[in-house]
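Undergrad: Below is the structure I would like to discuss, written out as structure tokens.
The values are calculated or read from the model by the stated rules, or taken from the named source; none is laboratory data. Remember, it's a predicted structure, so these values are computed and weren't measured experimentally. In this analysis, Cβ positions are derived from the backbone assuming ideal geometry, glycine residues included, and neighbour counts consider all displayed protein chains.
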Number of protein chains: 2
Amino acid sequence: MVFNYPNGKKYIPAAKIEAAPKIKKQKNAAYSNRGMTLEEDLNDSNSFYLDRNIAVIHKKPTPVQIVNVDYPRRSAAVIKEAYFKQASTTDYNGVYKGKYIDFEAKETKFSTSFPLKNFHEHQIVHMKAVLEQGGICFVILRFSTEEEIYLLEASYLLSFWERMISGGRKSITKEEVIECGHKIPLGFHPRIDYIKVIDYLYKLS
Amino acid sequence: MVFNYPNGKKYIPAAKIEAAPKIKKQKNAAYSNRGMTLEEDLNDSNSFYLDRNIAVIHKKPTPVQIVNVDYPRRSAAVIKEAYFKQASTTDYNGVYKGKYIDFEAKETKFSTSFPLKNFHEHQIVHMKAVLEQGGICFVILRFSTEEEIYLLEASYLLSFWERMISGGRKSITKEEVIECGHKIPLGFHPRIDYIKVIDYLYKLS
């Protein structure tokens, strides 16, 4: 099951939910042996941070263009037609020790490089704007075959992006990720302790 | 038209869109003489801040529980069944001069008080958590009949909430809003210049 809805108002029969999120399951096939997606691991980590007053970081809802809504009765609106929209920002943001935190998480099945096509132009523009405002911005990169997770600061991602724009390679080599990024060991609780890397990089602890 | 989708991937016929967002239009009926909703005014202000590198603040997408998606062909997914979920955070957040900014915007047709039922328990909990992390958190309150807009810091909202929990009144009086809040004059560009109040309150300029 991909969707969690601790704050959901509506009860939806389990059978219906199981039938729905097909894309996600295919996409994260390599990850399924652990039964958890990168997104679930990050949501779990963010819940851990929130419960312990360590940080307040949430994943933004998936942007949806709602076209048709049915109101069979009051407080029971059913969206009958909607479309996925492209997000204009990164997926995760929040606050840690007064600082603005902003990041995107992506994974690849490749073992030797991380394709830059995982990111969209507007996300790159957003990351630049966040850095200009003095926010802490980064990406979490997962090599799914090796189960390795790295935190790479946005400033590095932006230079690799620039290299591509200037006609260079369309990916970041694994060596570059290792050299510029910071490996996050997979833990139990929290699963992906990225705040530890932030503490180290920005001397916040 | 309530929905904007500058980054939307899908083209949706205008006629279909016009037919959709009925709730919103009813809700903001008192505001319709200006043809703009509070949300649109804030989105416009945030675009103004973004374009001029003043601040990076976005409205979060409406949280939707997706139940059934139809894939007639690749890259043309249609959401056939979905439900509105209750948001677990406030609607707006972002970064201004390195600081985390977080707020909720609400309006009332009442002239003498602002009902606290406009806020949900989990939003109050979220605001508390943001303040504990040293974030800048507030609400933008609009008295639609008078066309008056105030910025009220979350710390005040939390005390009014506490008063209600302890058996006190279920609203903030207009006098209290005037005394504890800061009136934001309605402008042209940006329409709601709340960053000016933040500058004043937190000495950021």
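Undergrad: Consider A:Asn93 against the criteria (1) within 7 Å of chain B (Cβ to nearest Cβ); (2) out of contact with any Ser or Thr (no Cβ under 9 Å at 6 or more places or on another chain); (3) in a loop (DSSP other than H, G, I, E, B): it satisfies all of them except one. Which criterion is unmet?
TA: Unmet condition: (3).
Undergrad: Which one of A:Gly135, A:Gly168, A:Gly187 is in contact (Cβ under 8 Å) with a residue 12 or more places away in the chain and either surrounded by 14 or more Cβ atoms within 10 Å (Cβ to Cβ) or among the small types (Gly, Ala, Ser) (or both)?
TA: On the way: A:Gly168 fails: in contact (Cβ under 8 Å) with a residue 12 or more places away in the chain; A:Gly187 fails: in contact (Cβ under 8 Å) with a residue 12 or more places away in the chain.
Of the residues listed, the single one that is in contact (Cβ under 8 Å) with a residue 12 or more places away in the chain and either surrounded by 14 or more Cβ atoms within 10 Å (Cβ to Cβ) or among the small types (Gly, Ala, Ser) (or both) is A:Gly135.
Undergrad: Further, regarding this structure: Can you name every one of the helices (runs of 4 or more DSSP H) wholly within the range A:120-192 that holds 3 or more residues which are more than 14 Å from chain B (Cβ to nearest Cβ)?
TA: Passing ranges, in order: A:154-165, A:174-180.
Undergrad: Among residues belonging to the range B:57-83 that are without any contact (Cβ under 8 Å) to a residue 40 or more places away in the chain and under 30 Å from B:Ser205 (Cβ atoms), point out the one that is farthest from the other protein chains (Cβ to nearest Cβ).
TA: B:Lys59
Undergrad: Go through (1) touching a helix residue (DSSP H, G or I) at 6+ places or on another chain (Cβ under 7 Å); (2) free of Cβ contacts under 8 Å to residues at least 60 places away in the same chain; (3) surrounded by 18 or more Cβ atoms within 10 Å (Cβ to Cβ) and name the single condition B:Leu158 misses.
TA: (3)
Undergrad: So for the range A:120-129 (the condition being within 20 Å of the chain's Cα centre (by Cα) and touching a residue at least 40 places away in the same chain (Cβ under 8 Å)), does at least one residue qualify? Before the answer, list the steps.
TA: Kept after step one, since they are within 20 Å of the chain's Cα centre (by Cα), are these residues of the range A:120-129: A:120-129.
If we keep only those that are touching a residue at least 40 places away in the same chain (Cβ under 8 Å) as well, we get none.
Within the range A:120-129 (the criterion being within 20 Å of the chain's Cα centre (by Cα) and touching a residue at least 40 places away in the same chain (Cβ under 8 Å)), the answer is no, since none of the residues qualifies.
Undergrad: Is it the case, given these coordinates, that A:Glu81 is out of contact with any Lys or Arg (no Cβ under 8 Å at 6 or more places or on another chain), modelled with pLDDT of 75 or more and under 25 Å from A:His120 (Cβ atoms)?
TA: Numbers: out of contact with any Lys or Arg (no Cβ under 8 Å at 6 or more places or on another chain): no; modelled with pLDDT of 75 or more: yes; under 25 Å from A:His120 (Cβ atoms): yes.
No, not satisfied.
Undergrad: Given the options A:Ser47, A:Ser88, name the one that is within 11 Å of chain B (Cβ to nearest Cβ), closer than 20 Å to A:Asp199 by Cβ and among the hydroxyl-bearing types (Ser, Thr, Tyr). I'd like the intermediate steps shown before the answer.
TA: Working: A:Ser88 fails: closer than 20 Å to A:Asp199 by Cβ.
Going through A:Ser47, A:Ser88 in turn, the sole match is A:Ser47.
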